[in-house]
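The values are calculated or read from the model by the stated rules, or taken from the named source; none is laboratory data. These figures come from a predicted structure and were not determined experimentally. Cβ sites come from the backbone with ideal geometry, for glycine too, and all protein chains shown count toward neighbours. Just so you know, the surface numbers come from the protein's heavy atoms only, side chains and all, with ligands and any DNA or RNA stripped out. Shrake-Rupley method; radii C 1.70, N 1.55, O 1.52, S 1.80 Å.
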Amino acid sequence: MSSFKNKIVLITGGARGIGLLMGEKSLARGANKLIIWDVDEKALQEAGSKLTKQGYTVVTDTVDVSDHESVLKSAKKVLKEHDRVDILFNNAGIVSGKDFDEHSMESIKKTMDVNSLGIMYVARAFLPEMIKNGDGYIINIASAAGLTPNPGMAVYAASKWAAVGWSESLNLELQKKGTPVKVLTVMPSYINTGMFAGVTAPLLMPLLDPDDITTKILDAVESGKDRLREPFMVKLTPFIRGVLPSKVYNFVAGKIFGVYNSMDTFTGRKKED
Ligand code: NAD
């Protein structure tokens, strides 16, 4: 069991979407301080003042997780001013929603930098202190896109496969070291936050409600889990993909469940949303 009581929580990409909800819920469950990192200064300010007005202790910092120097500098500041981070939500993520050949090299690199390298930069900056303190929980928000191929998101899928592989391996490394520091890898299908606006939900995988999925993520932390896949069909995905020949799997995922057409209607979030 891992309680939020009196913990210092840091969330990347915590100014909106599920990041903001996880921050609010961490505070409601007893965290004594929330540190929010985000690139969106306006959303960051709004989130900080909303939560501060509710009487919570919230610290905000404009940090781009894909900028290693900036991560190191801000992490050093956090450790100096707040002593430690107990619970780290590696949540910041981006998507372009394009076929691979439509991506610029710049957007390919940016997606990998934020979704794959960014989570490593942030974890690497805080993990040694967590190991030293003999306490800590790193929650990596990957995606169901890290478990199945999906046209229209080749680069995003690549970034999330990397996130899953790294996060689950890190968990095992920490177990082998015998440290109590924990890792939770989260692999949800589409969530109704606006990041994937326009997508067509596959069969048996309705758009997840941000409130429900964030409650499940926090419950998973409190019960010390290392893996969360939602909804139920996502739990079955690795098994089905493992046992079926690829042509059969592609027929089932593509034609029966409609996963492979889900991105056809993607619009993504409009700038002003
Ligand atoms: P969102 O777009 O609502 O929020 C993402 C937040 O991350 C924003 O505040 C944004 O400003 C911030 N951010 C983006 N790039 C950043 C960077 N370089 N440094 C710091 N902050 C940055 O997205 P969301 O739906 O809340 O998604 C959160 C996480 O969940 C992402 O990692 C996403 O890939 C993952 N996820 C989302 C869905 C979905 O359908 N929305 C499904 C599965 C997984």
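The H on the amide N of Gly152, modeled in the peptide plane, is under 5 Å from the matching H of Phe100, each at least 5 residues off or on a different chain.
With the full set of protein chains in place, find how many percent of the accessible area of the stretch 8-261 is carbon and sulfur; take the probe as 1.4 Å. Don't jump to the answer; show the numbers that get you there.
On the way: 6500 of 11600 Å².
Carbon-and-sulfur percentage of accessible area, whole number: 56.
Kindly report the accessible area of the stretch 8-261 per residue (heavy atoms of protein chains, probe 1.4 Å, no ligands, DNA or RNA), in Å².
Numbers: 11600 Å² over 254 residues.
On a per-residue basis, 46 Å².
Full extension of the chain segment joining Lys177 with Asp219 gains 12.6 nm, where the gain is 0.36 nm per residue of separation less the Cα-Cα distance. Between the residues Pro180, Gly254, Gly48, the greatest Cα displacement towards the positive end of the dipole of the chain, with unit charges on the Cβ of Lys, Arg, Asp and Glu, is found for Pro180. A simple packing score, the average count of other Cβ atoms within 10 Å per residue, orders the peptides 120-127, 168-175, 103-110 as 120-127, 168-175, 103-110, with the highest score first.
Approximating the spin labels as points 7 Å out from Cα along Cα→Cβ, the Arg269-to-Ser49 distance works out to 1.9 nm. Accessible area per residue was computed with a 1.4 Å probe on protein heavy atoms; Phe100 scores about 130 Å². In this rough spin-label picture, where each label sits 7 Å from Cα along the Cβ direction, the Met105-Leu79 distance is 3.5 nm. Residues Thr215, Thr237, sorted by accessible area with the largest first, give Thr215, Thr237 [1.4 Å probe; ligands and nucleic acids excluded].
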